[in-house]
1. What ranking, highest mean first, results for peptides 93-101, 34-42 when packing means the other Cβ atoms within 10 Å averaged over each residue?
2. Any idea what angle helix 57-66 forms with the longest principal axis of the chain, computed on alpha-carbon atoms, 0 to 90 degrees, nearest 10?
3. Angle check, please: helix 3-12 long axis (alpha carbons) against the longest principal axis of the chain (alpha carbons), in degrees 0 to 90, nearest 10.
4. With everything on Cα atoms, drop me the angle between helix 92-111 and the longest principal axis of the chain, reported from 0 to 90° to the nearest 10.
5. Considering the zone a paramagnetic label at residue 93 would reach in this model (a point 7 Å from Cα along the Cα-to-Cβ line), which residues of the range 10-49 have amide N under 20 Å from it?
6. Restricting to Cα pairs below 8 Å that are 6+ residues apart, what does the relative contact order work out to for the chain? Please round to a whole percent.
7. For the peptides 12-18, 49-55, 169-175, what is the packing order when you average, over each peptide's residues, the other Cβ atoms within 10 Å and list the highest mean first?
8. Can you tell me how much longer the chain between residue 163 and residue 8 gets when fully stretched, taken as 0.36 nm per residue apart minus their C-alpha distance, in nm with one decimal?
């Protein structure tokens, strides 16, 4: 493997985790993840998000139950990070900024020795989440990232070696589209 590929290997290994042990993540690891999130770039440096660390397991489970199947990782996660955004403007740039921050949370969790799983809050579940998190008027949560230590089953390969992603030749093109 080339040196360059080895350098990005930690990034390549980040994956969605859907089941966690009950072990609580140390506060220092969660703080590091949140710092990585808050330093994420945003359109015009608007920093539209507010990150809410949730460690009350009853709250995490209630949100998980309300939003199944999109919130399944919350059924076992000992911690979660909700990304709150202003509700009055669903601009593409805010969705893009939210995605950047969420991916950064996933990567940071991996780098500090934890794992993470993205959950999506449907519109019909949004009022339940808003109430559970005491969101002020004008804010919404579309994404909550479950954080913790993965179960062994969650780490088990889901695909045969070499089959998890399409071959590079099929998804990477040089200069122009090819059929």
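1. Details: 93-101: 17.0, 34-42: 15.0.
Ranked from most to least packed, the peptides come out as 93-101, 34-42.
2. That helix lies at roughly 80 degrees to the long axis.
3. So the inclination is approximately 30 degrees.
4. With both axes taken from Cα atoms, the answer is about 70 degrees.
5. 38-49
6. Contact order relative to length: 30 percent.
7. Descending mean neighbour count gives 49-55, 12-18, 169-175.
8. On the way: separation 155, 0.36 × 155 = 55.80 nm, distance 1.93 nm.
Here the answer is 53.9 nm.
Every read-out reported here was derived from the displayed coordinates using simple, explicitly stated rules and does not represent laboratory data. As the structure is a prediction and not an experimental result, all values here were calculated from the model. Cβ atoms come from the backbone with ideal geometry, glycine included; neighbour counts cover every protein chain shown.
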